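Shown next, in structure tokens, is the structure this report addresses.
Any read-out appearing in this document is the output of simple, stated calculations on the displayed coordinates, not a laboratory observation. Since the model is a prediction, treat every value here as computed from it, not as a measurement. Methodologically, a virtual Cβ is constructed for each residue, glycine included, from the backbone with ideal geometry; neighbour enumeration extends over all protein chains shown.
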Amino acid sequence: MTTPAGRLRLEPSSGHLVIHTRRQGLAAKVGHDLVIDVMDWSAEVDPGGNDLSEARVRVEVELGSLAVREGTGGALPLSASDRGEIDANMFRVLASGGQPTATFVSTRVVPTADGGAIDGTLTLNGVERPLRLQIVRTSPEHYQGNATVVQTEHGIKPYTAFFGALKLRDEVTVEFDVDLTAANPA
């Protein structure tokens, strides 16, 4: 991994943060797999000098800014009304712990020639758990990556409907795509 010198601030103008959910259960064909955009987030990257293993990253996500972009599968196409209902449910569930922000703080960076990994702590719903971000460098200043978040590890009960016959999988995937040339000095 290579990064420009100096601390950087990333936000939606310098990249995208997306959450993918999948359904399961006997009635899974009725529900939708979702792509959810995070509209309000920020990250601060401190490259740590010449040794990238000393880099530090802090990310904050405003949970009230999640918005359903698309839903695939399902018995019927995802309607605008469905999107609104899902957005309201997400906010209700994610803000129920009184914590409207999720935070990731790195504890270790493991650089490789084509990217690497960032280990850290995710605080979601007031619960801290370790999380590893896998990163791929797609060009000198452009990175993509992902992590898997297990909802129940953060005290979040995955969404269910039809008396539990339709369920949201416990694991959700978070993906990001950032361009460091579009970042601002921190």
Report, largest value first, the span of the C-alpha coordinates of the range 74-159 along each principal axis, in whole Å. 45, 31, 19
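Report the relative contact order of the range 8-185, percent, no decimals, based on alpha-carbon pairs under 8 angstrom and at least 6 residues apart. Walk me through the numbers before you get to the answer.
Working: 425 pairs, mean separation 46.8, N = 178.
So the answer I get is 26 percent.
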Using the Karplus equation 6.51 cos²θ - 1.76 cosθ + 1.60 (θ = phi - 60°), what ³J(HN,Hα) coupling, rounded to whole Hz, does each residue of the range 18-29 give in order, writing x for Gly and Pro? 9, 10, 10, 10, 10, 9, 8, x, 4, 9, 4, 5
Can you give the helix-only mean residue ellipticity at 222 nm for the chain, where every DSSP H stretch with n ≥ 4 adds -39500 (n - 2.57) and the sum goes over all residues, rounded to the nearest 500 deg cm²/dmol? -2500 deg cm²/dmol
Relative to the longest principal Cα axis of the chain, at what angle does helix 80-94 sit, 0 to 90 degrees, rounded to 10? 70 degrees
For the range 39-91, using Cα atoms only, the Rg and Dmax in Å read 17.9, 53
Go through 77-83, 25-31 and give me the packing order, highest mean Cβ count within 10 Å leading. 25-31, 77-83
Distance in nm between label sites at S42 and E70, each 7 Å beyond Cα in the beta-carbon direction? 3.1 nm
For the range 97-166 and the range 68-84, write down the distance between their C-alpha centroids in whole Å. 24 Å
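Taking the Cβ of V45 as the centre, find all other residues whose Cβ is under 9 Å away and add up their charges (Lys, Arg: +1; Asp, Glu: -1).
+2
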Across 5 Å bins beginning at 0, the whole-percent shares of Cα-Cα pair distances in the range 1-98 come to 3, 12, 17, 17, 14, 12, 9, 8, 6, 3, 1
Using 5 Å bins from zero, what percent of all Cα-Cα pairs in the range 8-185 falls into each bin? 1, 8, 15, 21, 19, 14, 11, 6, 3, 1, 0, 0
